[in-house]
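Following: one structure in structure tokens, then a few remarks.
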Amino acid sequence: GDWNDAFFALTTLSQALDILLDQGGRKVVLLLDRFDEPCQRFDPQALHSLRSLRDRYKGRLILVPATRHPLERLRPPAEIDELHELVAGRICWVGPMVDRDARWVAGQMADRLGVTSTPEFVDKLIRVTGGLPAFLKETFIALAEGQLDGASHAEELTAVLLTRAQIQR
């Protein structure tokens, strides 16, 4: 089938949910990660269909659209009223990580990219990035690319990071 065809994709998803939920007796959480672009691009009826699916399997299917911006900033609520109604009162903004988790991400990125850093430098990175995982990852990429070094001051780190497209987004 053609996965770019919304009808084909929705029909296939519906069939899979029938198997899992009706025949398998399971519960399903459908995480719609990076949903900003689909929310802006999809036909309103396709978005209404998501609400219809959720209603069809109420209590057994949970939809979790993950976006960087509120839905009403991505598209006028009147165009997506069914989906907007479903999620508007259940928004959970994800903030920075706790210190332990930020240090874990820093360690993972250092290992993955083959860079070394001191605990003091990691402290500085966490302060500069606010402990946000995407910023921490991008900081270690800049470090691996030689744009930063362990002796960089917080102001230097910030100046370099603000030039990077990933941080700007």
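The values are calculated or read from the model by the stated rules, or taken from the named source; none is laboratory data. These figures come from a predicted structure and were not determined experimentally. Reconstructed Cβ throughout: ideal geometry from the backbone, glycine too, with neighbour counts over all protein chains shown. Each accessible area value is taken on the protein alone, full model and side chains, heavy atoms only, with ligands, DNA and RNA left out. Shrake-Rupley method; radii C 1.70, N 1.55, O 1.52, S 1.80 Å.
In region 14-31, which residue that is of a type in the set (A, V, I, L, M, F, W, C) and open to solvent by 30 Å² or more (accessible area, probe 1.4 Å) is farthest from the chain's Cα centre (by Cα)?
Residue satisfying both the conditions and the ranking: ILE19.
Criterion first (assigned to a helix (DSSP H, G or I), out of contact with any Lys or Arg (no Cβ under 8 Å at 6 or more places or on another chain) and surrounded by 11 or more Cβ atoms within 10 Å (Cβ to Cβ)) does GLU85 satisfy it?
no
So is THR67 touching a helix residue (DSSP H, G or I) at 6+ places or on another chain (Cβ under 6 Å) and not in a helix (DSSP H, G or I) or not?
The answer is yes for THR67.
Since ARG68 meets every condition but one in (1) open to solvent by less than 70 Å² (accessible area, probe 1.4 Å); (2) farther than 30 Å from ASP18 by Cα; (3) touching an Asp or Glu at 6+ places or on another chain (Cβ under 8 Å), which condition does it not meet?
Answer for ARG68: the failing condition is (1).
Being at pLDDT below 85 and more than 13 Å from ALA66 (Cα to Cα) narrows it down to one of ALA16, ALA6, so name that one.
ALA6
In region 1-33, how many residues are under 16 Å from ARG56 (Cβ atoms) and either part of a strand (DSSP E or B) or in contact (Cβ under 8 Å) with a residue 60 or more places away in the chain (or both)?
Within region 1-33, residues that are under 16 Å from ARG56 (Cβ atoms) and either part of a strand (DSSP E or B) or in contact (Cβ under 8 Å) with a residue 60 or more places away in the chain (or both) number 3.
If we keep just the residues of region 154-169 that are polar (S, T, N, Q) and under 19 Å from the mean Cα position of the chain (by Cα), which is least open to solvent (accessible area, probe 1.4 Å)?
Selected residue: GLN166.
Given (1) among the small types (Gly, Ala, Ser); (2) closer than 20 Å to GLY89 by Cα; (3) open to solvent by 40 Å² or more (accessible area, probe 1.4 Å); (4) in contact with a helix residue (DSSP H, G or I) (Cβ under 6 Å, 6 or more places away or on another chain), identify the lone condition not met by ALA6.
With respect to (1) among the small types (Gly, Ala, Ser); (2) closer than 20 Å to GLY89 by Cα; (3) open to solvent by 40 Å² or more (accessible area, probe 1.4 Å); (4) in contact with a helix residue (DSSP H, G or I) (Cβ under 6 Å, 6 or more places away or on another chain), ALA6 is out only on (2).
If the Cβ limit is 9 Å and pairs must be 6+ apart or interchain, which residue in region 50-61 that is more than 15 Å from LEU83 (Cβ to Cβ) pairs with which residue that is open to solvent by less than 20 Å² (accessible area, probe 1.4 Å) and assigned to a helix (DSSP H, G or I)?
Partner pairs satisfying both residue conditions: TYR57/LEU17; TYR57/LEU21; ARG60/LEU17; ARG60/LEU21.
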